[in-house]
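First the structure, in the form of structure tokens, and then the observations on it.
Taken together, the values in this text are just the output of simple stated rules run on the coordinates, not laboratory data. Every value quoted in this text rests on a predicted model; they were computed, and no experiment measured them. Cβ placement follows ideal geometry from the backbone for every residue including glycine, while neighbour counts extend to all protein chains displayed.
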Amino acid sequence: MDKFEALTGIAAPMPLVNIDTDMIIPKQFLKTIKRSGLGVNLFDEMRYDRQGNEIPDFVLNKPQYRDAEILVAGENFGCGSSREHAPWAIKDFGIRCVIAPSYADIFYNNCFKNGILPIALPQEQVDVLMKDAEKGANARMTVDLEAQTVTTSDGEVFNFEVDAFKKHCLLEGLDDIGLTLGKADAIKKFEASASTARPWI
Amino acid sequence: MTARTLYDKIWDDHVAHEAEDGTCLLYIDRHLVHEVTSPQAFEGLRMAGRKVHAPDKTIAVPDHNVPTTLDRANGGMNEESRIQVEALDTNAKDFGIHYYPVSDVRQGIVHIVGPEQGWTLPGMTVVCGDSHTATHGAFGALAHGIGTSEVEHVLATQTLIQKKSKNMKVEITGKLRPGVTAKDITLSVIGETGTAGGTGYVIEYCGEAIRDLSMEGRMTVCNMAIEGGARAGLIAPDEKTYAYCKGRPHAPKGAAWEAAEAYWRTLFTDDGAHFDKVVTIKGEDIAPVVTWGTSPEDVLPITATVPAPEDFEGGKVEAAKRSLDYMGLTPGTPLSEVEIDTVFIGSCTNGRIEDLRAAAEILKGKKVKDGLRAMVVPGSGLVRAQAEEEGLADIFKDAGFEWRLAGCSMCLAMNPDQLSEGERCASTSNRNFEGRQGYKGRTHLVSPGMAAAAALTGRLTDVREMM
């Protein structure tokens, strides 16, 4: 997995609550058997008309946000379907960090498996960051995972919380499966005792 | 010993390893797999030269992409869908996992097939690369959706890296009124708590109204726990659960059954166990409901009117404006006057035999409104066969419904079953998100009885008028 350490970049504002994974990547793009190439269809139905032309009003189509690396959004981001295609599309577009007041559980976990940092901050702080993002391409935000801070273009600093293990994996770019296979003995031991306690499984 | 919740007990029995910071390896008893969220995971195994750790605990069935038209044996899938389904065929064979191909009568929606075949049993941990895995919680199994990276992790290790969620209790007291179903319960709970109300929690549903539900109804309730943001929904097993499981192809038999049942009878929340959050709703206060917007929390009784953005606060004001615009609705309009174009009965929420019986009861001897498109998609080939045996298929067909083959169908419209732009649908599925059932399609979530009633009148309708 790609590491995430720190990032200074353009933040795109999406002041909508309950942005669901169907919005992030509509179902017609789930037919792929690969993880790559989904960025062009990120937010497809909000981003393009039926003929495939860009809708100029949509934030990621605006010249100042086309190279956004951070997304600032409303509460309960990533709700709905478990599709990991959502973080794949976000990352493939070039966004490495999402900032919102809250996330749906599965999406939140999926981000960490893909080198994306989802930051949860109180609504008032997200409001400040949203305003900062609305300033456009010249206002660049900085995210530092090691220090657990987000810094606005004006230098205002917000601290965020992140699970220590998830942080460690993201900073080091660690592969979960490799880590777990390192505990193969514990799994074997569990299986032996479970097959005695609950043999019908 | 400390009093524990049902969730605590199942969790404790599945921790294979716990690190100092509380990060656990949770052992997975059943891993369900479908064609959309698994190809990248199998590919990952191949690239790393890894095997499936426990093929006997891994069950696959294609459901999302498959056409539901009667001629599907002759093809009908577009190239991409066909590749995805064929990839599952190949992966199931190469990795030696249990498989129900499209041609098998037992094929259907993964969350209907699992319980039907006896793969899902009380006290298990069940995962699938699909958020509606919560369905299996109806058996008192800890069941939740995972992403594709986690699918690969479970395939390779039969475990998940997890931290424990908090405990939430949702109690539905007393009796339901006539015409009120499990779907109305689960939508009403989301209407009350919001789509993020359960975030960070595992919900245990309890109370007389939940106990009174059949296993099918309980599956409907748990299915939408994810729409309330919860990691999983749970209902403690009881006599109904054991009766449902007994004799299923993969349920234990003989002495193994006795041992299993003895264990299952320990799976309940102890008196005095701690819940971090409690929501109580009176069963008699729940009405037949519909959704008016584009979030499952946009729930109102069918007797209500379309709300106005000013009725809300904070970010929900903008969201309501956007929803009303998308749905083409005017505030103040009685919901029962909203005309519909289409009715969809099916999905992992409401595609079981009891759902079809409830709809058929309303439709018996009647005809769907002229010009309205109506389809029933049974949740599995076996549900379909049973409905035919019970004469339900004839009731649907006589009423003017299309009688389809099993699959996810119009619930997520990854297959040919889709709404067209502006088409308005009364649907028994689980999500009313923008574009969910087709580009610019408009979805109103309802119970099977309400869907049937709407099919007869051509508008959202109070099922109680038809009873």
For the range B:254-295, the Cα-Cα pair-distance distribution in 5 Å bins from 0, as whole percents, is 5, 12, 11, 10, 13, 13, 13, 13, 8, 3, 0
May I ask for log10 I(q)/I(0) of the range A:25-82 at q = 0.20 Å⁻¹, from a Debye sum over the Cα atoms as equal point scatterers with solvent left out?
-0.95
Calc'd 3J(HN,Hα), the range B:368-385, phi into Karplus 6.51 cos²θ - 1.76 cosθ + 1.60 (θ = phi - 60°), Hz, glycine/Pro = x, comes to 5, 4, 3, x, 8, 8, 9, 9, 10, 10, x, x, 8, x, 6, 4, 4, 4
Net charge contributed by nearby residues that have their C-beta within less than 10 Å of A:Val128 (K/R +1, D/E -1):
-4
Calculated from DSSP H runs of 4 or more alone, at -39500 (n - 2.57) each and per residue, what is the 222 nm mean residue ellipticity of chain A, nearest 500?
-8500 deg cm²/dmol
Return the single residue from A:Ala137, A:Ala100, A:Ala73 with maximal mean-square fluctuation; model: Gaussian network over chain A, springs between Cα atoms under 10 Å.
A:Ala137
Sequence-distant residues sharing a close amide H with B:Tyr201 (under 5 Å, placed H):
B:Lys166, B:Arg231
Debye-sum result for the protein assembly as shown in log10 I(q)/I(0), which assumes one identical scatterer on each alpha carbon, at q = 0.05, 0.08, 0.10 Å⁻¹
-0.21, -0.55, -0.90
Distance in nm between pseudo-label sites at B:Glu465 and B:Thr69 (7 Å out along the Cβ direction from Cα)
3.5 nm
Distance in Å, no decimals, from the C-alpha centre of the range B:318-384 to the one of the range B:421-467 is 3 Å
Excluding B:Tyr326 itself, what net charge comes from residues whose Cβ is under 10 Å from its Cβ, given Lys and Arg +1 and Asp and Glu -1?
+2
Could you give the nm distance between label points at A:Lys131 and B:Thr266, where each point is 7 Å from its Cα heading toward the beta carbon?
5.8 nm
Note: the range B:6-164 at 20 °C, 1.002 mPa s; Kirkwood Rh on alpha carbon pairs; Stokes-Einstein D in µm²/s works out to 133 µm²/s
Taking the Cα centre of the protein assembly as shown as the origin and placing charges on Cβ (Lys, Arg +1; Asp, Glu -1), which of A:Gln123, B:Met224, A:Ala137 is farthest toward the positive end of the dipole?
B:Met224
Given H placed 1.01 Å from N in the peptide plane, which residues other than close sequence neighbours of B:Ala60 have an amide H under 5 Å from its amide H?
B:Val33, B:His98, B:Tyr99, B:Tyr100
Can you flag which of B:Lys316/B:Lys369; A:Lys91/B:Lys277; A:Lys34/B:Lys93 are past 28 Å Cα-Cα?
B:Lys316/B:Lys369; A:Lys91/B:Lys277
Could you compute the FRET efficiency for B:Glu284 and A:Glu156, with r as their C-beta to C-beta distance and R0 at 35 Å, rounded to 0.05?
0.10
Percent RCO, i.e. relative contact order, over chain B, from Cα pairs under 8 Å lying at least 6 residues apart:
17 percent
Assertion target for A:Arg96, A:Arg66, ordered by fewest C-beta neighbours within 10 angstrom first, is A:Arg66, A:Arg96
Net +/- balance of residues flanking B:Asp21 in space, Cβ distance below 13 Å, scoring K and R +1, D and E -1
+1
Residue among A:Gln51, A:Gln125, A:Gln28 with the largest mean-square fluctuation in a Gaussian network model of chain A, springs linking Cα atoms under 10 Å:
A:Gln51
What do you get for Rg/Rh over the range B:9-90 if you use C-alpha atoms and the Kirkwood form of Rh?
1.12
Taking other Cβ within 10 Å of each residue's Cβ, how do B:Tyr205, B:Tyr99 sort, fewest first?
B:Tyr99, B:Tyr205
Could you work out the percent of alpha carbon pairs in the range B:290-466 separated by over 24 Å, rounded to a whole number?
32 percent
Return the percentage of antiparallel bridges among DSSP beta bridges fully within the protein assembly as shown, rounded to the nearest 5 %.
30 percent
Whole-Hz ³J(HN,Hα) for each residue in the range B:458-467, computed from phi via Karplus 6.51 cos²θ - 1.76 cosθ + 1.60 with θ = phi - 60°, x for glycine and proline: what do you get?
x, 8, 4, 9, 6, 4, 5, 6, 9, 9
Using only the alpha-carbon atoms of chain B, report the extent along each of the three principal axes, biggest first, to the nearest angstrom.
57, 56, 44
Within the range B:438-467, find all residues whose amide N lies under 17 Å from a label point positioned 7 Å from the Cα of B:Asp212 along Cα-to-beta-carbon.
B:464
For the range A:91-134, Kirkwood radius (reciprocal of mean inverse C-alpha pair distance, Å)
11.1 Å
Net length gained if the chain between B:Lys440 and B:Ala3 were fully extended (0.36 nm per residue, minus Cα distance)
152.3 nm
Could you work out the helix-only [θ] at 222 nm for chain B, with each DSSP H run of four or more residues adding -39,500 (n - 2.57) and the total divided by the number of residues, to the nearest 500 deg cm²/dmol?
-9000 deg cm²/dmol
Name the residue, out of A:Phe107, A:Phe43, A:Phe29, whose mean-square fluctuation peaks in a Gaussian network model built on chain A with Cα pairs under 10 Å.
A:Phe29
Chain B - share of DSSP beta bridges that are antiparallel (%, nearest 5):
25 percent
Computed on Cα atoms, the radius of gyration and Dmax of chain A in angstrom are 18.8, 63
Note down the magnitude of the dipole of chain B about its Cα centre, charges +1 on Lys and Arg C-beta and -1 on Asp and Glu C-beta and zero elsewhere, to the nearest 20 debye.
420 debye
Rel. contact order, % - alpha carbon contacts under 8 angstrom, at least six apart, chain A:
26 percent
Going fewest to most other Cβ atoms within 10 Å around each Cβ, B:Met327, B:Met414 line up as B:Met327, B:Met414
Explain nothing, just compute: Karplus ³J(HN,Hα) = 6.51 cos²θ - 1.76 cosθ + 1.60, θ = phi - 60°, for every residue of the range B:333-348 in order, whole Hz, x for Gly and Pro.
5, x, 4, 6, 9, 6, 7, 10, 9, 9, 10, 10, 10, x, 5, 6
per DSSP, antiparallel bridges as share of beta bridges in the range A:6-175, % nearest 5, sits at 50 percent
